[in-house]
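Working notes, beginning with the structure itself.
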Amino acid sequence: GAVVSQHPSWVICKSGTSVKIECRSLDFQATTMFWYRQFPKQSLMLMATSNEGSKATYEQGVEKDKFLINHASLTLSTLTVTSAHPEDSSFYICSARAARQGSQPQHFGDGTRLSIL
Amino acid sequence: RKEVEQDPGPFNVPEGATVAFNCTYSNSASQSFFWYRQDCRKEPKLLMSVYSSGNEDGRFTAQLNRASQYISLLIRDSKLSDSATYLCVVNRNTGGFKTIFGAGTRLFVKA
């Protein structure tokens, strides 16, 4: 089955640090990847849709200068949380969908638990 | 009203019980449907796709009713390991594909 790898799985760092999270589709090409955030006991919240070779599409209320997304290849998207603060602490999850298969399900990475001190 | 609605639960059932989850969606342009399960502090994992003809995978049966815009998941002979949150997920194509997640239904299976 489709495999999505996310790295790192756990980050603890000081306030003001920028944190980069990688999302890779290991066995399929993903023209579209998605970045979600989930707070404890809450639903997944879509932050942005990452499109290979073009700018990401951000959901309303998500600061694009705060959450930088780069999707440089069909198998890799990165999310950089710039100048992270304690309120950015959350569970960040990426997902990918096979290229040009919009009706197909998304496959999720393992998630990154970010804790900002 | 949310585009995809689920009963949040929690459903507390004994081992061996049969439990059914329901989900409704409001956008008739919705095209494909899925159930995911999410364990505490883990990522969602695809459980099964849902088709109008109904589909079964072991103890799990999913059903789609397009006319009523209703999706169901039936779990038979519940196991302790079935305890999780079950997410109803819908893909639609209106000005580009979009995936809508339900808020999830929490299930606790007890010995």
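The values are calculated or read from the model by the stated rules, or taken from the named source; none is laboratory data. Because the structure is predicted, anything quoted here is derived from the model rather than measured. Cβ placement follows ideal geometry from the backbone for every residue including glycine, while neighbour counts extend to all protein chains displayed. The protein model used for the area step is the full one, side chains on, heavy atoms only, and it has no ligands, DNA or RNA in it. Shrake-Rupley method; radii C 1.70, N 1.55, O 1.52, S 1.80 Å.
For this structure, a couple of remarks:
- Subset of the range A:14-44 [surrounded by fewer than 16 Cβ atoms within 10 Å (Cβ to Cβ) and within 14 Å of chain B (Cβ to nearest Cβ)]: A:PHE39, A:PRO40, A:LYS41, A:GLN42
- Some residue of the range A:42-64 being touching a Leu at 6+ places or on another chain (Cβ under 7 Å) and modelled with pLDDT of 95 or more: no
- Identity of the residue in the range B:36-46, closer than 12 Å to B:ALA84 by Cβ, within 10 Å of chain A (Cβ to nearest Cβ) and in a strand (DSSP E or B), that ends up most open to solvent (accessible area, probe 1.4 Å): B:LYS45
- Residues of the range A:60-117 classified as within 14 Å of another protein chain (Cβ to nearest Cβ), in a strand (DSSP E or B) and within 14 Å of the chain's Cα centre (by Cα), total: 13
- Set B:TYR70, B:TYR51: member being farther than 21 Å from A:ALA96 by Cβ, within 13 Å of chain A (Cβ to nearest Cβ), open to solvent by 60 Å² or more (accessible area, probe 1.4 Å) and among the aromatic types (Phe, Trp, Tyr): B:TYR51
- Subset of the range A:1-13 [open to solvent by 60 Å² or more (accessible area, probe 1.4 Å) and away from every other protein chain (no Cβ under 12 Å)]: A:HIS7, A:ILE12
- Taken over the range B:73-88, the criterion of being open to solvent by less than 40 Å² (accessible area, probe 1.4 Å), in a strand (DSSP E or B) and either of a type in the set (D, E, K, R) or in contact with a Ser or Thr (Cβ under 6 Å, 6 or more places away or on another chain) (or both) is satisfied by B:TYR86 alone.
- Any pair with Cβ under 6 angstrom, 6 or more apart, that starts in the range B:1-27 at a residue that is free of Cβ contacts under 8 Å to residues at least 60 places away in the same chain and ends at one that is surrounded by 15 or more Cβ atoms within 10 Å (Cβ to Cβ) and among the hydrophobic types (A, V, I, L, M, F, W, C): B:ALA20/B:LEU74
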